[in-house]
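The values are calculated or read from the model by the stated rules, or taken from the named source; none is laboratory data. Since this is a predicted model, take the numbers as computed values, not measurements. Neighbour counts are summed over all protein chains in view; Cβ atoms, including those assigned to glycine, are modelled from backbone coordinates with ideal geometry. SASA here: full protein model, heavy atoms, side chains in, ligands and nucleic acids out. Shrake-Rupley method; radii C 1.70, N 1.55, O 1.52, S 1.80 Å.
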Amino acid sequence: MIACPSCGADNVEGTRFCVKCGTTLPAAPAPESWRQSGDLGQQQQTQQSGGYAPPQQPPSQYPTYNPPQGVYQQQPVVGGGQPMHPAIPAVVSLILPGIGLLFVPSKAGLGLGIFAGFIVLNVILFFLAVITLGIGTCLFIAVPLVNVGAAIHSWDEAAKASGGQFQPILFK
């Protein structure tokens, strides 16, 4: 409550005029303004002269918090703070085998190797299909199996990289 300087009536903090006599009330001091200076007389003198007194730094005797080092394990994350769901690399690898592993930390080389092997397999199967007209065409049945295998492998590698949040399907 703020007392009116004219009539002495109590007014709620934040009001600009007295509710009884209408006199303009003095502005309330800023919260914790007393901390800016240890000497209140010096603070009032600085305000009256129009000068600015920068706030003092807190004393060094205050305790500070230092978190323990090396206790927490950082998990590989994508974007907002949680590990990537293994379904994302699995779906990408189902379409393009091995490319889903580019989303898994430290598995990019393996993913590119799988993708290169997939391209080589398709080139060999194409030439066998052209040359033999029968055997190579039958071997193209294996291509979807390669895609499914790469998708399962990508899921498992992403699940292992999640730090236990997700479970691998086959390769534990």
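Numerical summary
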read-out: Carbon plus sulfur fraction of accessible area for the stretch 120-172, probe 1.4 Å, in percent; value: 81
read-out: Projected label distance in nm at residue 27 and residue 9, using a 7 Å step from Cα toward the beta-carbon; value: 2.4
read-out: Ranked by how many other beta carbons lie within 10 Å on average, peptides 144-157, 3-16, 91-104 from highest; value: 91-104, 144-157, 3-16
read-out: Under-5 Å amide H pairs with residue 96, H placed in peptide plane, nonlocal only; value: none
